[in-house]
Amino acid sequence: MIPSETFHDITPISQDDGPHPVCSIDYPKEFDEAQGYLRAIMRKDERSERALELTALCLRFNPANYTTWWFRRQCLASLSISPSNFESKFTFFGLKFIAKDLMLAAKLGGTNPKNYQVWYHRRNLLEQSFSDIKSASGTDEVGNALELVNEEIEYIATVIAEDAKNYHAWSHRQWILKAINMESKWNAEIEFINGLLEDDVRNNSAWNQRWFVTHRGSKSIPFAIDDARQELSFSICKAEQDPYNESPWKYFVAVIKEQFRLIGTTPEFASLIGVSEKALEETKANFEQESKKDGMECTNLIAAHIDILEIKGDKTSIASAIEFAKLLESRYDPVRKKYWKLRAQQLEVVTK
Amino acid sequence: MSTSSSFETVFKRVSHIQYFVQCLKKLPSKHAALDTNRLTLVHFAVQSLDILGFFDSPENFKTYSINKEEIIEWIYSLQVTSSATRTSAGFIGGSFLGPDVDDGNYCNQGHLAMTYSAICTLITLGDDLKRVNRKEIISSLKYLQQSDGSFQCVGYGSECDLRFVYCACAICYILGDWSGVDKDAMLQYIQSCRTYDGALSLVPNQESHGGSTYCGIASLALMGELDQVFLHFDGWKEDLVRWCVSRQMEGMQGRPNKLEDTCYSYWIGATLKILDCEYLLDRDVLRCFVMGCQSGTGGFSKVRDEYHPPDLLHSFYSLAWLSFSRKELHPIDCMLGMSSRHFDAFRRNVV
């Protein structure tokens, strides 16, 4: 695999594991050979074209070697010509290198990359360009950067199409959206999420993304009450499709809790929680009518109801909550009976 | 799908020992992708052997050709003591960069997760850590901590998330020295990983996940900040406990609406144990799931099907959870992820 002429001047360094190695790996011969040359090149710190080629070869065998990726980036940076007066906390990579290495990372990652290193490489390649978007509007750099943004969002979508819950893909996607912070992208993301929920209303990653996007990636800006009503409406509509599904109910309760912390003593909140409770009860009733089953079986619906009753906090509500918890304990959620027993006990303390 | 030939309800202690011993010797070529993580693999194997009581019988060393001192020497051969600025001291995961890890080459730096693995393994093998460069490891933590309180794993940069916050906390706790980290910033970061459904994500804003939930809660426990945090965030402990128990189908899932996987029995089980709530799980049903993933030839797989042979990670974490309740197994410490008795012995000697 390595043409002998390219590295004629390099003496490969073998991996010396000492006299008593532990957890030795039976490396393929070609891998061992390529790594031998890379060890020598890295020790020399030679940041050249041939070094770049060598890292690509070694990464084919082990795309999780973070030191190889790091050294590759050193080579790319050395071979890139940064603009004069370039000052940034991020590394500068030439545009053609960015494009080429995004392709390499995609290839090495496979259709469903779950390796931290390929995603980190992508981020490293892009972070300088993305910082351009905020700082230098109307320039060529921004044009290039926007194109990269669109392509990257597209790329992540292809990975999500393969595995709609790929954690790395979603982390990377969140990073881009927050880094560029463009209203058009936030709005487009809602459409993207809705599409995923059409495919699978149980996709908890999509639900989490909705919370992220509707809060514009901020932990300190809660929903305005109108937005809260909209989100409650959305989540209960989705919960109706499958009342057993945990994700929309957790979302539903989280919206209510957020408002409770904000405006819990106001008549607006009393109205909001009243409407929510009604909608939940309607969902249960519809389920019972259509399926001819006992709505108590939808333990996530009942659990959400208990949460709402606890927030309401009046004597009658707490009594109902305790009753529900005891039913879940004794009959409907056997795997969690000890938990529901504890929950009922905690609610009984509230009553006193 | 089940592979009826490998489903066993009997605990196959001897097969497990053989499995881990074999892993300590040689791993097949498909493990090339774990080349940089060999110290973690050794940690899994050694902790597992300790759970199984392998080290209790000296005859085992001869029978299986295992030499504790040789393993210790190999681990120490991976210690990086470079003192150039902005580099991380500690341990590197393997000799993939060359035989002399201390050659001053900039890329030969300690990796936080490998340092954690090395220290835990050394203690379990009975080493006193006298040859570990504690001062350098602790002081170089400042090159790894970020302004938001999170940690990267190596001096020249990496992704930053709760995994490495956990490694840093475990290292500080074991070495008894928090001077190299900004605890308040760590606290802030962990709190910023709280999710709307009551658990912790790997990075802020991301989805609640069993692994990151363990990393965050264990970190808080190691810092001694759990009670304070729960006082500050009214209702969080209750939401967290609820989230954890909701992960049980038969086995434990890592996230809502995802598949059950044996390693989450530890991540979630240990989290609940830290919160004194592990009893809330249906242990019988969970045990059934985990034992169903036991391989007849040793080890555990993540799920019980023909596509998933046993692997070191799932084997260790399955045993780690089992060690909480099976009397014949030596327990794992739920905060440190290592042998409880060996850590206690180490602690006593230090004092």
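Residues being in contact with a helix residue (DSSP H, G or I) (Cβ under 9 Å, 6 or more places away or on another chain), open to solvent by 10 Å² or more (accessible area, probe 1.4 Å), among the aromatic types (Phe, Trp, Tyr) and part of a helix (DSSP H, G or I) are represented in segment A:183-201 by at least one member.
What residue, among those in segment B:313-341 that are open to solvent by 10 Å² or more (accessible area, probe 1.4 Å) and part of a helix (DSSP H, G or I), is nearest to B:LEU41 (Cα to Cα)? The selected residue is B:LEU313. Of the residues examined, B:GLU238 is one that is open to solvent by 60 Å² or more (accessible area, probe 1.4 Å), at the interface with another protein chain (Cβ under 10 Å from one of its Cβ atoms) and out of contact with any strand residue (DSSP E or B) (no Cβ under 6 Å at 6 or more places or on another chain). Cβ-Cβ contacts under 9 Å between residues 6 or more apart (or on different chains), taken from a first residue in segment B:143-170 that is at negative phi and within 13 Å of chain A (Cβ to nearest Cβ) to a second residue that is charged (D, E, K, R) and open to solvent by 10 Å² or more (accessible area, probe 1.4 Å), are listed as B:GLN152/B:GLU159; B:CYS153/B:GLU159; B:CYS153/B:ARG163; B:GLY155/B:ARG86; B:TYR156/B:ARG86; B:GLU159/A:ARG123; B:CYS160/B:ASP148.
Matching residues to (1) over 19 Å from A:LYS312 (Cβ atoms); (2) buried (at least 17 other Cβ atoms within 10 Å of the Cβ):
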position: A:ASN245; (1), (2): yes, yes
position: A:ALA254; (1), (2): no, yes
position: A:GLY264; (1), (2): no, no
position: A:ALA270; (1), (2): no, no
position: A:VAL275; (1), (2): no, no
position: A:GLU282; (1), (2): no, no
position: A:ASN286; (1), (2): yes, no
position: A:GLN289; (1), (2): yes, no
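In segment A:134-151, is there at least one residue being under 20 Å from B:ASP161 (Cβ atoms) and either under 20 Å from the mean Cα position of the chain (by Cα) or open to solvent by 50 Å² or more (accessible area, probe 1.4 Å) (or both)? No - not one qualifying residue is present in segment A:134-151.
For segment B:51-148, which helices (runs of 4 or more DSSP H) that fit wholly inside it have 3 or more residues that are of a type in the set (Val, Ile, Thr)? It would help to see each step written out before you state the result.
Details: elements: B:59-64, B:68-76, B:112-124, B:134-140.
Filter on segment B:51-148 gives B:68-76, B:112-124.
Looking across segment B:21-49 at every residue that is within 7 Å of chain A (Cβ to nearest Cβ) and of a type in the set (Ser, Thr, Tyr), the one that is farthest from B:VAL154 (Cα to Cα) is identified as B:SER29. Within segment B:310-329, the only residue that satisfies the criterion of being aromatic (Phe, Trp, Tyr) and farther than 12 Å from B:TRP267 by Cα is B:PHE324. Only a single criterion out of (1) of a type outside the set (A, V, I, L, M); (2) open to solvent by 10 Å² or more (accessible area, probe 1.4 Å); (3) over 21 Å from the mean Cα position of the chain (by Cα) is not satisfied by B:PRO309, namely (3). Within segment A:206-242, the set of residues being of a type in the set (Lys, Arg) and part of a loop (DSSP other than H, G, I, E, B) comprises A:ARG216, A:LYS219.
The values are calculated or read from the model by the stated rules, or taken from the named source; none is laboratory data. Just so you know, these numbers come straight off a predicted model, no measurement behind them. Note: ideal-geometry Cβ built from the backbone for every residue, glycine included; neighbour counts use all protein chains shown. Calculation scope for accessible area: heavy atoms of the full protein, side chains included, ligands and nucleic acids excluded. Shrake-Rupley method; radii C 1.70, N 1.55, O 1.52, S 1.80 Å.
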